[in-house]
Amino acid sequence: MTGIAVGKRRHWLKNRGRSYSRAESALCAVLLVIVGALVLLPLGYLLYGALRDSPPRTPNAGYTWANLVEIYGSLHFAQPFLTTLAIGISVGIGSAILGVLLAWIITRLDIPRPGLWEKLLTLPIYFSPLMLALAFTALGAPRVGFLNLIWKTLGGDGSAVSVYSFSGIVFVLCVHYAPYAMLVLTAPMRSISAELEEAARVLGSSRWHLMRTVTIPMLRPAIFSVVLIVGTLAAENFAVPTLLGRQSKISTIPGEIYFWLTYEPSNPNLAAAAGTLLLLVTISGIFVYRYMTRMSGRFVTITGKPKLIPRLPLGKWRSAITGLLAFYLAITTILPIAALIFGSFMPYIGQHIDFNKLTLHNYQAALQGENYSAITHSLFLAVVSATLITLLGFLVSYIIRRTSVPGRGLLDYLSALPIAIPGMVLGVGMVWAYVIAPFGLWGSIWILLIAYMARFIVHAVRAINASLLQVSGEMDEAARVLGAGIFRRLRQITMPLTMRALLSSWVLVAIFVLNELSATILLYSSKSITLSVLTWNALDMYGAMQAFAFSVIQGCMTAILVWVSYRLSGKATW
Amino acid sequence: MKRCNNTRIPRALHFLKGIAIASALFAMQQPASAASADVATAWKNAQKLIPGISKETVDAACSEGSAMMYSLILRGEQEGIIGHFEKLFPCIKLKVFNASGGVLSQRFTNEMRAGNSPTDIWMNSSPVYGSRLAKEGLLLNWTPPTASLIDDLWKDEGYWYAIGLAHIGIIWNTEDIKPEQKKWLEGVKTWADVPNGPFQNNTGLVDIRAGGTTQIFYYYNKQKYGVDYWKKLATLKPTIFSGVNPLIGRLVAGDFAYAAGITADTAGATQWLKGAPLQWKFPEPGLAVPYFIGISAKAPHPNAAKLFMAWSLSTDGQNSWVNSSGLAPASSHATDNRPYAKKAWYKLPKTHYRADWQKIATDLKADTQTFTSIFGK
Amino acid sequence: MVNVPQVRLDNITKSFGATQIVRGVDIAIDRGEIIALLGPSGCGKTTLLRCIAGLEQPTGGEISIGPKKVFSSSEFINEPPEQRKIGLVFQSYALWPHMTVAQNVAYGLHLKKIRKSEAEAKVQKILSTVGLSGLSDRFPSTLSGGQQQRVAVARSLVVENDVILFDEPLSNLDLKLREEMRFELRQLINRLGLTAIFVTHDQSEAMVLADRICLMHGGKLLQTGTPRSVYDEPETRFAMNFLGAANFIDCSFVDDRTIRIPSGTILQIRGRKNQAPLVGIRPEKIRIEPEGSESPNALKGRITDSVFLGGTTLYRVEAEGLDLQVASPDPDHVKGSGIAVVLPPQFLLSLQEGA
């Protein structure tokens, strides 16, 4: 029942010139307004702020080129800019390589319990980069990190590893993003029909040659997309390079932006100008990506269940490969989690591990009074944002992929634009845009919700796009002919058939929201403090170990969300 | 006939759950009404602790019922200040928004200029910024009855008043120093001695951009001893940190043994209180940055704010601020009960350097470039 | 009212960008008629069907269903498919995999707000009509192709629209099943008194199912008529070729009843209809007679090849420069033997070139 359906190609043609109903164009218009407002308002204020000498609404303020000149015209920021690029590219490529390898091992090799391994290897994505950085400082700090202490007891000299370095930054970010790459790549790897590979093998291709000339080229668009997205996310991350980089004199543009926004005297206009620089970089990255994937734009869809590619038997290599996976899991997941948990019971990290010093104080402080409300806020934001974003993303994806309403191309660009906007930059824009918001919106938890919707809708749209393409348009048409209007069809036909994708998008967005720091730190108020902000502030307030405790709590919440979504996903057959 | 969906995801339930939580959170924000017993207690305590405060102010404060403070991140603020104040004046619920300096100022000014700020009391540690906002009209002009308790150096009369001082000093890891280093440390008297420390490759410094508390250290020494001072510091090959807290963390971990230009009473003491092996010292003349509060010109609860301000400057208030946040007293009338202040090795400086905050601010850009060229980026 | 057609298409055109898929098609379908849109792939028949359903928007023309105009490019009328009240059975059946057979079939009834009990009864009735009683709680993925097709048909029938469209309804079934289903489908449609339009590329299917065949090629409607008339009296080379086997003879006209073939022989034809110097005759109409026959339009020939097909035998004959295919029930003509081939004038048809 596999193979490339001729019918699908015909269907693609049909999309051009298909009639669209008034309801569809109305929906598209509404979505355009919503997404447009979410994205363009902060962006507009940001560009405006970059051209001003003081924050908006300051009396006696005027226009100036000085900020832009400082960023683009002087060499002051050449080094941080290059460092930022270097981090982005290294992490993008590193994660892609890891992702391909892991995806290949999981889908193609005959390892024991591949389903379990897939779940385990996904774990690092559930910890925020900040949490991972914290954990690795406990593990890999020179002289006193746990690993270095072990090294010392084994008789080693000096430090075996130091996480406070460029490679440390790249390592931590790769650990976090490699699972994302793996997830994105397993799906296409699985769906390459066995027959395509068998055809090559029959013609005499070895497995390695096959991988190089057939498998990887077919994965090219997915690989490019991973490099671009992961590279962008890594480059705009401010927490990890700030935490791990200052000692080695590593500064990045997001780190500079953070300086200008959080320390006195602050310079938000300069920060806005630097934000435009990051914007330009990511937008050009998107263009490069679209250009490269346009060339490999052959549209191949598979109908029915593709014949599963039989796994390569490993024989004597089985335990070696499994051991390798276990080692990778230990380094990237088990050790950091252990370090976080252990560290959360310590008052501070000293030169010796003193078990007498173990204390519950960090947790007591973490769960008292105001801090406790942060837990409810974070949970509320995660659940509600994920639900709203998934719904919105579903509607947007439907309009873009399933209808021929004019204006859907614009909707596509608008919803993807935030990926070019770093979190802090979005935060600055939003502060300026929404401080005048009526009905007490400003300072409430709903501002954070709006920020998250702008920031993360692209992930929902992306996740659902792929799934929507698999659902035949005729399912929708059949309901239409029987008289079902658009919302009924969405609810009764399309949504159930894409439920798996909706759920995985839900959990992904929920976790992104839970971990979100860079925009939150500028937009939170006493009524909306979140766990991620508490974690970061703890680094200022009670010391790093308190931050460990918050991280552990955050990790537990993530685990609950993931478990809930797995249960629901098990019940959904589509 | 059963309708489609055999998936059992109750999407509506998610929504309802969210709405339920939202309503609960909203409900929790409603201010409580003042009970008359609480008002009586408040007045009793006000009379006792805040000489000169009028009954009208206290009554008005009680009927306002709450106040919002935008505060820097301080150690024991929740119990020592908020809790204590609410116990003294039970008719007022004190809410606080904590953030670091830049975020706090930006938030305050953005909101005020947009006409939409919930702030009653605003805290900051940059005198030049505080006075600028006062001039712009963002701070309320009011002199508390207890204003005279604060020394001249630490206030802008009518606008903002210090509730504590962050002294700058040198700090070291007691477990990590050798006897000759210890001897040298004991001999340090003035800032001129500081770069001569026998701590090659064993020193930490904070980046000049990390706020007023670091700027004053670099500025004073450059002004007094010239740029050579910085160059001498650089010969120690120090590790430069983006903030004082990461530095303290690494100091405690034993990455290096000695650091200069540090707000030891806040950052260092936090770790000391947990048992970290630290000691610190304040060379002469004393360099200090005031942590001050002012009242918002458009405060929604001006009288509650006034009460809080007046109390903060009173002896009782000063004692509370000092002992819970760990800042040094800004008033000679306060009693210093901080645990480390009682230690033999702890001495507050005798003299104070009178800083020209405006000049420090204007020189900052050039100083940053000099700093970068000397210490590297 | 009696003479108002049930479905009417006036000058329908449809272009995708620069390509014209449908060019000026006019069809009028009476109530209770079964029409086949027959043609090779890419001739625009499916596009035309989807235009009737409202899933595609024509570039020009008018469509009426019953007395109502559902599409008019000049009057800017374009009713969405939800409101046109026609049934459509998809080639892939488009059954919803997450719903049971009963839920699939009942979907349209729920939309019409029919009461649950009544709907259940209707569903059971239609399922037994199509021969699927007892399968109401099964899921489509567990059914065979033929059963799925019946569910798809049942789903469209149960809502009792007057017009029902089929997009290649039988092409996904295997041969035996296809032949069975043809008859069943036709009987069902007639019994319910429905008007049906279906699209197919299979001429035998069209012949069985349709009251009238509309032959399409290159977006144009070439010929309309009953299966018999289109078969016996094709107007073009394409029409003759598409609906059965054919022999084509280039010739020149002597007059309206006579032609001259390249070898010079004069033949009688039925009657000249067109300008093109082309006539055609079906293999089964050519008779093989002993050499020297005196029948009209007899040509001297020789058998060059023969293939035995069971009921008929296909002979290849070379006769006076013409290379002819002859189908005969008599298998015993020997290869290489000299014979006379007779092309009876009433079956020698004058044709137009191409489409």
**Study point:** Among C:CYS251, C:CYS43, C:CYS51, residue whose mean-square fluctuation peaks in a GNM of chain C (springs only between Cα atoms under 10 Å)
**Key:** C:CYS251
Study note, to complete from the structure: Highest GNM mean-square fluctuation among C:MET99, C:MET181, C:MET240, for chain C with Cα springs under 10 Å, belongs to C:MET99
**Study point:** Mean Kyte hydropathy of -1.0 or more with a Cα span along the axis of at least 15 Å, helices from DSSP in chain C
**Key:** C:101-111, C:116-129, C:145-157, C:175-192
Review point. Does chain A come out rounded, prolate or oblate by the C-alpha gyration tensor, with a ≥ b ≥ c the root eigenvalues, rounded set by a/c under 1.5 and, if not, prolate when a/b is larger than b/c and oblate if not?
Key: oblate
**Study point:** Farthest toward positive dipole pole in the range C:240-350 [+1 Lys/Arg, -1 Asp/Glu at C-beta], among C:LEU349, C:PHE308, C:LEU324
**Key:** C:LEU349
Point to revise | Net charge of neighbours whose Cβ lies under 11 Å from the Cβ of C:LEU221, counting Lys and Arg as +1 and Asp and Glu as -1 | key: +2
Review point. How big is the Kirkwood radius of the range C:240-350, worked out from every pair of different alpha carbons and given in Å to one decimal?
Key: 14.1 Å
**Study point:** Within the range C:7-239: Cβ-based charge dipole about Cα centre, in debye rounded to nearest 20 (Lys, Arg +1; Asp, Glu -1)
**Key:** 540 debye
Exercise for review: Calculate how many DSSP beta bridges within chain B are antiparallel, expressed in % of all such bridges and rounded to the nearest 5.
Suggested key: 60 percent
Point to revise | Highest to lowest packing among B:341-353, A:410-422, scored as the average C-beta count within 10 Å | key: A:410-422, B:341-353
Check your understanding: Helix by helix, which DSSP H runs in chain A go 18 Å or more along their axis at the Cα atoms and have an average Kyte-Doolittle hydropathy of 1.6 or more?
Key -> A:22-50, A:216-236, A:499-515
Check your understanding: Mind checking which aspartates and glutamates have their C-alpha under 17 Å from B:LYS189, skipping anything on the same chain fewer than 8 residues away?
Key -> B:GLU180, B:GLU284
Study note, to complete from the structure: Other residues with Cβ under 14 Å from the Cβ of C:PRO262 give, with Lys and Arg +1 and Asp and Glu -1, a net charge of -3
Review point. By a straight-distance test (C-alpha under 30 Å), which lysines pair with B:LYS17 as possible cross-link partners, with residues fewer than eight away in the same chain excluded?
Key: A:LYS119, A:LYS527, A:LYS571, B:LYS2, B:LYS93, B:LYS95
Check your understanding: Which of these, B:ASP120, B:ASP156, B:ASP363, has the largest mean-square fluctuation under a Gaussian network model of chain B (Cα springs below 10 Å)?
Key -> B:ASP363
Review point. Taking the Cβ of B:PHE85 as the center, what net charge do the other residues with Cβ under 12 Å away carry, scoring Lys and Arg +1 and Asp and Glu -1?
Key: -1
Practice item. Could you tell me what % of all Cα pairs in the range B:195-310 have separations over 21 Å? Key: 46 percent
Exercise for review: Let me have the 222 nm mean residue ellipticity of chain B computed from DSSP H runs of 4+ only, each contributing -39500 (n - 2.57), with the sum over all residues rounded to the nearest 500.
Suggested key: -13000 deg cm²/dmol
**Study point:** Whole-angstrom gap from the range C:305-355 to the range A:252-268, using each part's C-alpha centre
**Key:** 93 Å
**Study point:** Charge dipole (debye, nearest 20) of the range C:237-299; +1 at Cβ of Lys and Arg, -1 at Cβ of Asp and Glu
**Key:** 320 debye
**Study point:** Calculated [θ] (222 nm, deg cm²/dmol) that DSSP helices of n ≥ 4 give over chain C, each run adding -39,500 (n - 2.57)
**Key:** -7000 deg cm²/dmol
Review point. Hey, what number do you get for chain A at 222 nm if only DSSP H runs of n ≥ 4 count, each worth -39500 (n - 2.57), divided across all residues, to the nearest 500?
Key: -22000 deg cm²/dmol
Check your understanding: If you take every DSSP beta bridge whose two residues both sit in the protein assembly as shown, what share of them, in percent to the nearest 5, is antiparallel?
Key -> 70 percent
Exercise for review: Quick one: compute the contact order of chain B, relative version, from alpha carbon pairs under 8 angstrom and 6+ residues apart, as a percent.
Suggested key: 24 percent
**Study point:** Ratio of the Cα radius of gyration of chain B to 2.2 N^0.38 Å, where N counts its residues
**Key:** 1.14
**Study point:** the protein assembly as shown: projected area of the alpha-carbon convex hull, averaged over directions, in nm²
**Key:** 64.1 nm²
Practice item. With only Lys, Arg, Asp and Glu charged, each at its Cβ (+1 for the first two, -1 for the last two), find how big the charge dipole of the range A:418-529 is about the Cα centre; round to the nearest 20 debye. Key: 160 debye
**Study point:** Where only C-alpha atoms are counted, convex hull volume of the range C:7-239 per residue in Å³
**Key:** 129 Å³
Review point. By a straight-distance test (C-alpha under 20 Å), which aspartates and glutamates pair with C:LYS112 as possible cross-link partners, with residues fewer than eight away in the same chain excluded?
Key: A:ASP476, A:GLU477, C:GLU79, C:GLU82, C:GLU120, C:GLU160, C:ASP162
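A short reminder: the numbers here are calculations on the coordinates, not readings from a lab. What you see is a predicted model, and the numbers here were worked out from it, not measured in a lab. Cβ sites come from the backbone with ideal geometry, for glycine too, and all protein chains shown count toward neighbours.
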